Structures are given as C-alpha cells and as structure tokens.
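Everything below concerns the one structure shown next.
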Amino acid sequence: MKQHISVLEDEVIRYLSPQPGKVYVDATCGSGGHAKRILEETGGRCFLIGIDKDKNAIKRAEENLRKFSGSFTIIEGGFEEIDSIIKMTKTETVDGILFDLGFSTEQISEKERGFSFLLEGPLDMRYSKKTYLTAEKIINHYSMQELAGIFKEYGELKNPYNIVKKIIEKRKKSPFKTTTEFADFISHFYRSPKKKIHPATLFFQSLRIAVNNEIENLKTGLQKGWEILNKNGRMIVLSFHSLEDRVVKNFFRSRENINILTKKPVIAQDLEIFINPLSRSAKMRAGEKK
Ligand SMILES: C[S@@+](CC[C@H](N)C(=O)[O-])C[C@H]1O[C@@H](n2cnc3c(N)ncnc32)[C@H](O)[C@@H]1O
C-alpha cells in the first residue's frame, strides 16, 4: 500500500506553533503524519487528541506514534462531533485544531475502498464502515433529480441531466457494480471541459462528498471546533477543492473573535508538488481566536 505524505507539513507547524503543556486536536489524524510532527515539535510534551473515522487509519497512526505513548490518544469518530469526542478525554477546551480534509493516499490506493476510478473496486467510498450510504446506493437508487443535484452541487457540473439520463437507462438494464465500470461509462458519454482532467474526476468527487456528507460535516466541525478553542488557540484547515475552501473562507470571515493569520490561502511550492502531487490542489487557511 502506498504511504501518505503529509501536505504543507512545515507550514502547518509554523502556523499551529505547538507548545509544551498545550493540547492539540488532529481532527483528521489519518496515519498520523501531521500528528507526529506536532508531537516531535514539543518533544512529546504536548497532548495530542487524534480523531478519524477510519479504523485502519487509526491502527496505522497508533503504530506511527508509538514512541510518544502517553502523550496522545486517538478516537474513532467524526470531527462533526469534536466537542463530545474531546469530552471523552476529560478535556473541555484545546489550544489548536488541525483539519486536513478528504482522503489519504492509503485510502485511495486500497481498491476495496472504492475511492479511485483507476482501480477496480466496489462503489463504496465511505470513510467509516459504520455508515450505511455508499456510492453504489446513490448511483443505482437515487432519482434523476437527486443524482443531478449531487453532480451539480458537489462537482459543480453545469448540466449533468444528459449523463444522468444515460446512467438511469443503463442501471435499469444492469446496475453499476464497480468503480472502473462507472468511470468507463462516464468517459464514454462525458467530455471533461478541462482536457487534463479525467472525465470521471468530478463525478467521483461529488459521490464521495455525498456519501460522507462532507460539506455539512465540515461546517459543523468548524463551528464546534471554534467553540472549544481557547483564547489565542489556532485553527488550521487544509482543503483540496474550491467547495471546501469556500466553506472555510466564509467561516473564518464570519467570526468576530478571529485574527485571520493567512490573508490569502497558503499553497504548496513547486518542489513539494513535484515530490507529492497530492499537494497541488491544497489550500491552507489559519485563524487565531481573540
Ligand atoms: C488527508 S487524510 C489525513 C492525513 C494526515 N493529516 C497525515 O498527515 O497523515 C484525511 C483523513 O480524514 C479522515 N476523515 C475524513 N472525514 C472525516 C470526518 N468527518 N471526521 C474524522 N475523520 C475524517 C479520513 O478518513 C482520512 O484518514
């Protein structure tokens, strides 16, 4: 399995500025790349609460952070419940929160998870196996309006009705089963306006967002996270597409008690993009609570 390389790691540390004796939440812990840097930065003298929906990611993170045993805990759950999750650790407020949104390299390279249109797997796309909705259920059972709404809202596709009609005709004959079957079907009937982008990219993005209720969860996570942040505490958010970044930008702009630390979003330098192409679309925003 390919290993995730943490995005904008130095920049995250610079803006979060971890200090000994303080408490930090890595709200999307993944395999623990950023979490490890936070702990290293303080020589293991801060306390880190990791959150992730993915049981497998948590196992990898626990292994990765082993040498800091006693300075961290990782809890399986969604950051949309960040307030109740931190209470489970007998903590009320924290000094910094990091959100590194979306999926990890491990998740997209595991074909059984169904995140990739290049690897044949089931149409799943769930971060957590505890939830019920999958991409398969959406593609094969949602109405024309619901499907078009998802592709319009989460993929920002202008007129998805033609392709949605084709999807519905096809699924009547035989339901879609795999990621590559769906991606090939899209490629056959849909031309991406941007030549370099695979035609299935925005369809997969929108399905993943819908399956995991990502936009609503992000709004809730930011809101609840802000409430549990101490004065002078910092919130850092890494987003990977314009919908997410818009939510973060609007959230920061609508706070009264914030110092926005990044007037423009921080993006990756050419060298990082060369080493880690995943960083190409990253935008980092940071705010400090007044
Ligand atoms: C980009 S990865 C994080 C990588 C990590 N920062 C690192 O450096 O190793 C994003 C992680 O967020 C998790 N995730 C996505 N939505 C979540 C949510 N609402 N609550 C908790 N975890 C979530 C995914 O399962 C995935 O492991």
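Near Val247: Cβ cut-off under 12 Å, other residues only, Lys/Arg at +1 and Asp/Glu at -1. The net charge is +2.
Heavy atoms only, probe 1.4 angstrom, no DNA, RNA or ligands counted: give me Val266, Val7 ranked by accessible area, highest first.
Val266, Val7
Take every pair of alpha-carbon atoms less than 8 Å apart whose residues are at least six positions apart; their mean separation over the length of the stretch 132-211 yields a relative contact order of 43 percent.
Using C-alpha pairs under 8 Å with a sequence gap of at least 6, the mean separation divided by the residue count of the stretch 86-223 gives a relative contact order of 26 percent. Here the contact order of the chain, divided by its residue count and restricted to Cα pairs under 8 Å and six or more residues apart, works out to 19 percent. If you take the alpha carbon atoms of the stretch 1-108 and fit the smallest convex hull around them, that volume is 92 Å³ per residue.
Taking label points 7 Å from Cα along the Cα-to-Cβ direction, Asn213 and Phe189 give a separation of 2.9 nm. Of all beta bridges that DSSP places with both ends in the chain, some 40 percent have antiparallel geometry. Note that the chain presents 50 Å² accessible area per residue, ligands and nucleic acids not counted, probe 1.4 Å. Of the options Ile139, Ser84, Gly287, report the single residue whose Cα projects farthest towards the positive end of the charge dipole of the chain (beta-carbon charges: Lys, Arg +1; Asp, Glu -1). After comparing all options, I get Ile139.
Take the Kirkwood radius over Cα pairs of the chain, plug it into Stokes-Einstein at 37 °C and 0.692 mPa s, and you get 166 µm²/s for translational diffusion.
Quick one: in the stretch 132-211, what % of C-alpha pairs are over 19 Å apart? Above the 19 Å cut-off, the stretch 132-211 has 26 percent of its Cα pairs. Just to confirm a number: summing +1 for Lys and Arg and -1 for Asp and Glu over residues other than Val164 whose beta-carbon lies under 12 angstrom from that of Val164, what do you get? Every neighbour counted, the sum reads +3. In this structure, Lys111 and Leu271 have a Cβ-Cβ separation that, at R0 = 30 Å, corresponds to a calculated FRET efficiency of about 0.50. Going through the stretch 55-120, which GluC sites (Glu not before Pro) have at most 11 other Cβ atoms within 10 Å and a DSSP loop state? Within the stretch 55-120, the qualifying GluC sites (Glu not before Pro) (loop, at most 11 other Cβ atoms within 10 Å) are Glu92. In the stretch 225-290, which GluC sites (Glu not before Pro) fall in coil by DSSP and have 14 or fewer other Cβ atoms within 10 Å? Passing sites in the stretch 225-290 are Glu256. Considering helices alone, the calculated mean residue ellipticity of the chain at 222 nm is -12500 deg cm²/dmol, with DSSP H runs of length four and up weighted by -39500 (n - 2.57) and normalised per residue.
Taking all protein chains in place and a 1.4 Å probe, what share, in percent, of the accessible surface of the stretch 132-211 do carbon and sulfur account for?
Of all accessible area on the stretch 132-211, carbon and sulfur atoms account for 55 percent.
Note on Lys172 and Glu120: the model spin-label points, each 7 Å out from Cα along the C-beta direction, lie 2.8 nm apart.
Label positions at Asn257 and Lys290, each projected 7 Å from the Cα along the C-beta direction, are separated by 1.1 nm. Length available on full extension from Met88 to Asn250: 0.36 nm per residue minus the Cα-Cα distance, which gives 55.3 nm. As an exercise, identify the trypsin sites (Lys or Arg not before Pro) in the stretch 140-247 lying in DSSP coil whose Cβ has no more than 12 other Cβ atoms within 10 Å. In loop regions of the stretch 140-247 (DSSP not H, G, I, E or B), the sparsely surrounded trypsin sites (Lys or Arg not before Pro) are Lys158, Arg191, Lys194, Lys195, Lys196. Considering only Ser143, Ser242, Ser128, the Gaussian network model of the chain with Cα springs below 10 Å gives its largest mean-square fluctuation to Ser143.
Leaving out ligands, DNA and RNA, and with a 1.4 Å probe, what % of the accessible surface on the stretch 235-290 is carbon or sulfur?
Working: 1620 of 3060 Å².
The value for the stretch 235-290 is 53 percent carbon and sulfur by accessible area.
The values are calculated or read from the model by the stated rules, or taken from the named source; none is laboratory data. Being a predicted model, the structure only gives us computed values, none of them experimental. Ideal geometry is used to build each Cβ from the backbone, glycine not excepted, and the neighbour counts take in all protein chains shown. What goes into the accessible areas is simple: the full protein's heavy atoms, side chains included, and nothing from ligands, DNA or RNA. Shrake-Rupley method; radii C 1.70, N 1.55, O 1.52, S 1.80 Å.
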